[in-house]
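K.L.:
For reference, the structure I am asking about is given below.
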Amino acid sequence: MDIKSNEPFWLIKNGLIQSFPSLKEDTECEVLIVGGGITGSLIAHQCIQDGYKTILIDKREISNGSSSATTSMLQYEIDTPLHELIEMVGEKGAVASYHACSKAIDDLGEVARKIKSKAGFRKKDSLYFSAYKKDVDGLKKEFEARKKAGFDVKWLEADEIEKKYGVQKTYGGILSKQGASVDAFMLVHEILVYNQKKGLQIYDRTELTDVQYNPRHNLVTLSRGATLKCKKIVYCVGYESDTMIKEKFVDLISTYAIVSEVMLEQSRKYKDILIWNTADPYIYLRTTDDGRMLIGGEDEEFRNPQKRDALINKKEQKLVKSFEKYLPHVPFQPDFAWAGTFGETKDGLPYIGEHKDFKNSYFVCGFGGNGITFSVTGMEMVSLWLKGKKHLLSEWFRFGR
């Protein structure tokens with residue numbers, strides 16, 4: 001499955017950061033990680049930290065899947081509002097999921113600091129505003145639910161939002177003191193190179209073609225003809241898990257994003273804020289670390305890469321109009337436009353855990369707008385499971401829930 005289109009901004013901005021070989025010889029390890037995007041890199045980081053002999057493979061070049069197309073807005077807010085999630089899964093699971101995403105932002109910041117990352121990780125506030133008057137009651141209910149759950153939130157009226165951020169045509173919103181952004185494409189390479197020096201083996205252009213599941217180990221056949229024996233497999237394949245797992249558990253969605261030309265003076269005002277709204281689909285805005293403005297959204301059901309890509313020009317025009325609607329005083333000249341594919345689950349939560357059809361294995365699939373923060377939580381979950389321990393969120397993130 002082709003999960004990105006054109007050349008996303010991050011891929012062009014960074015170019016070829018690092019090259020890795022394909023795996024051509026038989027070998028073995030304790031943990032095999034399948035997928036070289038942000039999720040796979042984070043799980044590899046944790047496994048190396050825990051002392052496991054770890055190999056990571058990717059059928060593409062490293063980080064050339066959805067991690068090159070992501071807009072990397074790091075939020076604790078899940079696509080399903082907290083007050084609705086409480087009704088769906090119960091207060092314990094909903095609040096724990098939100099707090100896990102909040103913690104994940106800080107945890108990712110620690111990873112970035114530890115590896116001396118230059119990928120532009122930056123803590124930011126998050127403004128979630130009402131796009132329509134009819135959304136105000138629900139958003140105020142959401143504000144109360146978050147406040148009760150202990151989150152640092154403040155309600156802003158429309159005039160306060162316009163005065164502070166210049167955002168027009170809102171009906172009030174929630175300001176949260178927890179968010180961040182990063183260049184995920186660069187961060188993946190930094191994490192992998194850091195751990196390669198500590199023993200992680202990395203191979204791209206290496207596809208898993210078959211697995212024989214044995215009671216105590218898995219025997220993996222690879223595209224280059226080599227075999228690999230491992231105790232555990234961690235599948236970090238994102239939305240391509242849809243093609244691996246028989247039952248329907250995720251809906252694939254196409255999303256679109258555009259990045260402006262460099263506009264240092266105008267973007268400076270928004271460098272410490274993430275902005276998104278209650279529209280369905282919602283739009284989201286952030287700055288890049290090189291002084292550009294980014295807006296994304298215009299999501300729709302994924303059909304195939306060709307039909308998705310054919311809409312890029314049309315979606316670009318719509319996103320420019322949305323930007324001009326909310327920030328009419330900020331000139332926006334598009335410089336890059338691209339599309340990506342992501343997954344949407346029935347409750348907005350990820351699927352992280354074991355699956356009955358894949359023995360000695362775990363899946364870490366951080367779907368929705370919180371894919372990266374869910375993947376950080378996945379680090380903690382996989383670490384505990386490999387040690388034979390339990391994790392609080394296993395019940396709410398499991399397959400078949």
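Nothing in this text is a laboratory measurement; each read-out follows from the coordinates by a stated rule. This structure is a prediction, so every number in the text was calculated from the model and none was measured. All Cβ positions, even for glycine, are placed from backbone atoms using ideal geometry, and neighbour counts span all protein chains on display.
K.L.:
Roughly how many nanometres apart are two label points built 7 Å out from the Cα toward the Cβ at HIS329 and ARG224?
P.N.:
Result for the modelled spin labels: 5.7 nm.
K.L.:
Need one number for the chain: average projected area of the convex hull over its C-alpha atoms, nm². Present the calculation step by step, with values, prior to reporting the outcome.
P.N.:
Numbers: hull surface 72.6 nm².
With every direction weighted equally, the projected area is 18.2 nm².
K.L.:
Length gain on complete extension for the stretch GLU87 to ASP152, per 0.36 nm per residue less the alpha carbon to alpha carbon distance?
P.N.:
Numbers: separation 65, 0.36 × 65 = 23.40 nm, distance 2.19 nm.
Net length gain for the segment: 21.2 nm.
K.L.:
Over the stretch 170-226, what per residue volume does the convex hull of the Cα atoms give, in whole Å³?
P.N.:
Working: hull volume 14.5 nm³, N = 57.
Given the Cα convex hull of the stretch 170-226, per-residue volume reads 255 Å³.
K.L.:
7 Å from Cα along Cα→Cβ at both SER394 and SER22: what's the point-to-point distance in nm?
P.N.:
According to this spin-label approximation, the distance is 3.8 nm.
K.L.:
Within the stretch 1-64, which trypsin sites (Lys or Arg not before Pro) sit in a loop by DSSP and count at most 14 neighbouring Cβ atoms inside 10 Å?
P.N.:
Working: sites: LYS4, LYS13, LYS24, LYS53, LYS59, ARG60; in loops: LYS24, LYS53, LYS59, ARG60.
Within the stretch 1-64, the qualifying trypsin sites (Lys or Arg not before Pro) (loop, at most 14 other Cβ atoms within 10 Å) are LYS24.
K.L.:
Turning to a different aspect of this structure: Past the 18 Å Cα-Cα mark, which pairs from LYS103/LYS177; LYS53/LYS229; LYS92/LYS177?
P.N.:
LYS92/LYS177
K.L.:
Counting Lys and Arg as +1 and Asp and Glu as -1, each charge on the Cβ, what is the dipole of the chain about the Cα centre in debye, to the nearest 20?
P.N.:
Working: 58 positive and 56 negative charges, 157 e Å.
Result for the chain is approximately 760 debye, rounded to the nearest 20.
K.L.:
Let me know the number of lysine pairs in the stretch 251-344 closer than 27 Å at the Cα, not counting same-chain pairs under 8 apart.
P.N.:
Lysine pairs satisfying the spacing and distance rule in the stretch 251-344 number 13.
K.L.:
Name the residue farthest towards the positive end of the dipole of the stretch 110-195 from the options SER181, LEU139, ALA119, assuming +1 on Cβ of Lys and Arg, -1 on Cβ of Asp and Glu, about the Cα centre.
P.N.:
Positive-most Cα among the choices belongs to ALA119.
K.L.:
Stretched out fully, how many nm does the piece from GLU207 to LYS114 gain, at 0.36 nm a residue minus the Cα gap?
P.N.:
Gain on stretching GLU207 to LYS114: 30.4 nm.
K.L.:
Hydropathy first: keep DSSP H helices in the chain averaging at least 0.5 on Kyte-Doolittle, then drop any whose Cα extent along the axis falls short of 27 Å, and list what survives. Before the final figure, lay out the partial values.
P.N.:
Values: long enough: 91-114 (34 Å, -0.37).
Taking the DSSP H segments of the chain (at least 27 Å long, mean hydropathy at least 0.5), we get none.
K.L.:
Which values, in whole Å and largest first, are the semi-axes of the equivalent ellipsoid of the stretch 251-344 obtained as the square root of 5 times each eigenvalue of the Cα gyration tensor? Intermediate values should be presented prior to the final figure.
P.N.:
Details: eigenvalues 112, 36, 27 Å².
Equivalent ellipsoid of the stretch 251-344: 24, 13, 12 Å, largest first.
K.L.:
For LEU311 and ASP357 in the same chain, what is the full-extension length gain: residue separation times 0.36 nm, less their Cα-Cα distance, in nm? Could the numbers behind the result be given before it?
P.N.:
On the way: separation 46, 0.36 × 46 = 16.56 nm, distance 3.67 nm.
Difference between extended and current length: 12.9 nm.
K.L.:
How long is the stretch 35-89 along each principal axis, judged by its Cα atoms, biggest number first, in Å?
P.N.:
42, 28, 17
K.L.:
How high is the FRET efficiency from LYS177 to VAL262, r the C-beta distance, R0 41 Å, rounded to 0.05? The partial results should precede the final answer.
P.N.:
Values: r = 28 Å, r/R0 = 0.69.
Calculated value: 0.90.
K.L.:
Based on Cβ point charges of +1 for Lys and Arg and -1 for Asp and Glu, what charge dipole magnitude is obtained for the stretch 251-344 about its Cα centre, in debye rounded to the nearest 20? Don't skip to the answer; put the middle values down first.
P.N.:
On the way: 13 positive and 16 negative charges, 46 e Å.
The dipole magnitude comes to about 220 debye.
K.L.:
Then there's this: Towards the positive end of the charge dipole of the chain, with charges on Cβ (+1 Lys, Arg; -1 Asp, Glu), say which of ILE233, CYS29, LEU349 has the farthest Cα.
P.N.:
Farthest towards the positive pole: CYS29.
K.L.:
I've got another one for you. Once you keep just the Cα pairs under 8 angstrom separated by 6 or more residues, what percentage relative contact order results for the stretch 251-344?
P.N.:
Details: 169 pairs, mean separation 41.1, N = 94.
Relative CO of the stretch 251-344 lands at 44 percent.
K.L.:
Calculate the spin-label point distance for LYS133 paired with HIS99, positioning each point 7 Å from the Cα along the beta-carbon direction, and give it in nanometres.
P.N.:
For the pair HIS99/LYS133, the computed spacing is 3.9 nm.
K.L.:
In addition: On a straight-distance basis, which lysines could pair with LYS356 in a cross-link, Cα separation under 18 angstrom, same-chain partners fewer than 8 positions away excluded?
P.N.:
Result set, ordered by chain and number: LYS231, LYS232, LYS246, LYS248, LYS390.
K.L.:
Additional query: Using only alpha carbon positions, build the gyration tensor of the stretch 292-340, then give the equivalent ellipsoid semi-axes as the square roots of 5 times its eigenvalues, largest first, whole angstrom. Provide the component values of the computation, followed by the final result.
P.N.:
Working: eigenvalues 101, 22, 13 Å².
After diagonalising the Cα gyration tensor, the semi-axes are 23, 10, 8 Å.
K.L.:
Next up: For q = 0.11, 0.16, 0.17 Å⁻¹, what log10 I(q)/I(0) does the stretch 88-189 give under the Debye formula with an equal point scatterer on each alpha carbon and no solvent?
P.N.:
-0.44, -0.83, -0.90
K.L.:
So which trypsin sites (Lys or Arg not before Pro) in the stretch 339-374 end up in coil per DSSP with only 14 or fewer other C-beta atoms within 10 Å?
P.N.:
Details: sites: LYS346, LYS356, LYS359; in loops: LYS346, LYS356.
The qualifying sites are LYS346, LYS356.
K.L.:
Let me ask another. Among LEU11, LEU127, LEU349, determine the one that fluctuates most according to a GNM of the chain built with springs between C-alpha atoms less than 10 Å apart.
P.N.:
LEU11
K.L.:
Near ARG401, within a Cβ-to-Cβ distance under 10 Å, what is the net charge of the other residues, with Lys and Arg +1 and Asp and Glu -1?
P.N.:
Details: positive: LYS346, ARG398; negative: ASP347, GLU395.
For residues surrounding ARG401, the net value is 0.
K.L.:
Filter the trypsin sites (Lys or Arg not before Pro) in the stretch 213-249 to those in DSSP coil with at most 13 other Cβ atoms within 10 Å of their Cβ, and list the result.
P.N.:
On the way: sites: ARG216, ARG224, LYS229, LYS231, LYS232, LYS246, LYS248; in loops: ARG216, ARG224, LYS246, LYS248.
Qualifying residues, ordered by number: ARG216, LYS246, LYS248.
K.L.:
Still on this structure: Would you look at the GNM of the chain, springs on alpha carbons closer than 10 Å, and say which of SER72, SER241, SER41 moves the most?
P.N.:
Fluctuation is largest for SER241.
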